[in-house]
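Asks: My structure is below; once you've seen it, I'll send some questions.
Please treat every number below as a calculation from the coordinates, not as lab data. Not measured: the values here are computed from a predicted model. Heads up, the Cβs are rebuilt from the backbone with ideal geometry, glycines too, and the neighbour counts pull from every protein chain shown.
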Amino acid sequence: MTLYYGNADVLYAWSNEPLREYYDVNMNDKKVLSVTSSGDHILHAAFAGSYDITGFDINRFCKYYSALKIAMIKKYNFEDFIEIFETTSFCYHSHFYKKIRLILNDASKYLSDDEISFWSKFIELQNEYYEISLFPNFFDGCSFYNNVYCTLDNYKKLKDNLQNCRITYIDCNASNLYNKISEKYDLIYLSNILGKVPWTRTQQIISLINSLKDILNINGKIYDYAFFNNDWHYIDNKFNLHEDELLDYDIKFRKIINTNDGIIYTYNRKS
């Protein structure tokens, strides 16, 4: 199955999902597999207590941006972190890019050699007349305030948790995870990836979900999100899934009560 993402796409600066509304409160001792994207799903898992997190994304820029954001949280206090981003307009990319050199100087010990090399080369390629764009000019619903760590106390908790958190990245799309991973996980976060698959290919979605059970622990859970505005066709057809072909799962869903953004679907693997 082909999912329509590329390995060098633009990035989301923040999640456009209301993550504060649906994440598990307690992930202590849970192994988590999550789409990387803006890095915010990974940060929420760390905040909730997971110390073993794997991010996957076909877009290779995501892992570098996620690592940079994590390094900033490890290095800076809440006020400094906010100052860097609040004085940065992502619609004018150069404002952010000018900050990267400072971040590399301050937080290099929290970055791998590969990550430092990527951002150093990125800075080198920027100049007065030419700018490489990592971010789109418009972010649909993206906001720092979608995140649980947008408050001082929660930021401090996340900062502490990250000190002992093992985070790794895989360059891979969701449809190929079972070929790339030999470990098993307690929680898998797919964001709204499934909503991007045409509903003429329902059987392929079923095959993807079934393939994930091989890397999901008994009683593990898959989270799947659908936006009302962009994934309406997915929501309308969700219950046309052949549940008899998903016999290893209990399927549940709930509407996010405090927003008008979307619906959460969970697939709980049966024991």
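Asks: So if each residue of separation counts as 0.36 nm, and I subtract the Cα-Cα distance between ILE123 and ASP106, what length gain in nm does that give?
Replies: 4.6 nm
Asks: Something else now. Using a 7 Å offset from the Cα along the Cα-to-Cβ direction at both ASN268 and GLU21, what is the distance between the two label points in nm, to one decimal?
Replies: 2.2 nm
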